[in-house]
Amino acid sequence: MRGYVKGSASQSLAPTSTLAPERAAAASRALGMRDAYSNGVRCKGFTVPINSGASSFTVDLSGMARNFLGFAYFFITAPAGAVTTQLVINNDVVVDSTLIQHFFVNGTTSDRDYFPFPRPLNGQDTIVFNFNNAGALATGYLVAYYI
């Protein structure tokens, strides 16, 4: 930006300081922070009662979730009988008739955070875990990872 120098005989234009490079750098940093925030991995935990026989559990993620990354289970006490699970995301069967033990994580026996099953999300998603438990009631701790 340039302005007139007051009191000069010719009223010539005098250069003034420009902040364009500083503003561009600040805008770039802000964009980087927004990008890191919107693409950051998130997780949400759930306590899941797995009743004897057939049951289901609906996972409710943030409407801002754009990608389902995967999930994991932790059990304080392992289920007494065989428990099979099915994961359905927006009518897409992602996991079908699989023993839930295949998806256990435990810091002492597994260095895995979750089991990846990436799927796109649209903000109004239906994510359901179905169970068939041959034993007594079991309580699992589910964690879902998403962006």
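Only the coordinates and a few stated rules stand behind these numbers; no lab work does. Everything numeric in this text was worked out from a predicted model, so none of it was measured.
Within the set (i) 45; (ii) 31; (iii) 38, the number that percent of Cα pairs over 26 Å apart takes when calculated for this structure is listed as (i). Derived scalar couplings between HN and Hα for segment 134-146 equal 7, x, 7, 3, 10, 10, x, 10, 9, 10, 10, 10, 7 Hz in order, rounded to whole Hz, by the Karplus curve 6.51 cos²θ - 1.76 cosθ + 1.60 (θ = phi - 60°), x for Gly and Pro.
Helical content of the chain, expressed as a calculated mean residue ellipticity at 222 nm, amounts to -4500 deg cm²/dmol (DSSP H runs of 4 or more residues, -39,500 (n - 2.57) each, divided by residue number, nearest 500).
Between M64 and L31, the contour length at 0.36 nm per residue exceeds the alpha carbon distance by 10.1 nm.
Annotation: amide H of L121 within the under-5 Å range of N67, F68, sequence separation 5 or more or interchain, hydrogens built in the peptide plane.
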